[in-house]
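Here is the structure we will look at.
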Amino acid sequence: MSDDEAWQAIVDKGVRGVFQGISRVAVSTGGKFYPQDEGLDHLMEGMRSVKASELLFEGGGGKLLAVKHDYGDSVAAIYYDGPVSPADLARLVQLMFTRRDRRACNKALVPATRVKTVTSRWKRRIALVFGEGFASRLVETSLKGKDKGMLTPDDLEDARIAISRALGDCLPLDKVSELPRPEGRGFLILR
């Protein structure tokens with residue numbers, strides 16, 4: 001069983017465990033539905049064209065609710081009948097999608113405000129000797145291509161080492177682990 005098929009089984013079991021009257025659940029990750037259904041491919045295209053995150057179709061045989069993950073490419077199509085609230089069902093599916101994303105990322109992250117504090121200290125120390133323009137360019141270059149909201153302590157330490165090497169190790173820059181932490185705050189761990 002592939003990861004996508006396992007994910008479909010998890011969503012199916014979760015939805016059926018909360019709501020009664022669910023007849024079928026199909027989940028798409030990466031553009032392929034599990035279990036496969038030709039009609040659902042057209043549904044996904046329609047959702048993309050109207051930029052909808054949720055669509056509800058009602059017919060004589062029941063209802064179809066399609067829910068697209070707002071921050072990914074996953075889509076769930078749920079066939080049901082009975083007194084199920086589509087808003088509640090869509091919310092449950094969105095929560096399941098979000099939980100899967102959080103489970104995939106379990107590294108310790110440095111809060112963005114902490115990154116700003118550390119880099120500002122480095123810039124001030126370098127600017128005293130080499131000037132503000134050079135300090136800003138050097139620090140920004142060391143973090144080039146990295147999302148400042150998704151840095152680990154190791155990423156920040158690597159940037160500090162790169163800056164120190166560029167300066168010829170002539171200025172002692174505070175290590176991330178040596179800086180005083182604000183009271184009651186630390187690293188954010190996503191699980």
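The values are calculated or read from the model by the stated rules, or taken from the named source; none is laboratory data. The model shown is predicted, which means the values in this text are computed figures rather than measured ones. No Cβ is skipped: glycine too gets one built from the backbone with ideal geometry, and neighbour counts run over all protein chains shown.
So is LEU40 closer than 20 Å to ALA87 by Cβ and over 22 Å from the mean Cα position of the chain (by Cα) or not?
Values: closer than 20 Å to ALA87 by Cβ: no; over 22 Å from the mean Cα position of the chain (by Cα): yes.
Criteria not met by LEU40.
Of the residues ARG48, ARG24, only one is among the basic types (Lys, Arg) and at pLDDT 85 or above; which? Don't jump to the end; show me each part of the working.
Numbers: ARG48 fails: at pLDDT 85 or above.
Result: ARG24 is the single residue among ARG48, ARG24 that is among the basic types (Lys, Arg) and at pLDDT 85 or above.
I'd like to check something: does region 22-36 contain any residue that is closer than 26 Å to PRO83 by Cα and touching a residue at least 60 places away in the same chain (Cβ under 8 Å)?
The answer is yes; a qualifying residue exists.
How many residues, within region 167-176, are surrounded by 13 or more Cβ atoms within 10 Å (Cβ to Cβ) and within 15 Å of PHE134 (Cα to Cα)?
Adding up the residues that qualify gives 2.
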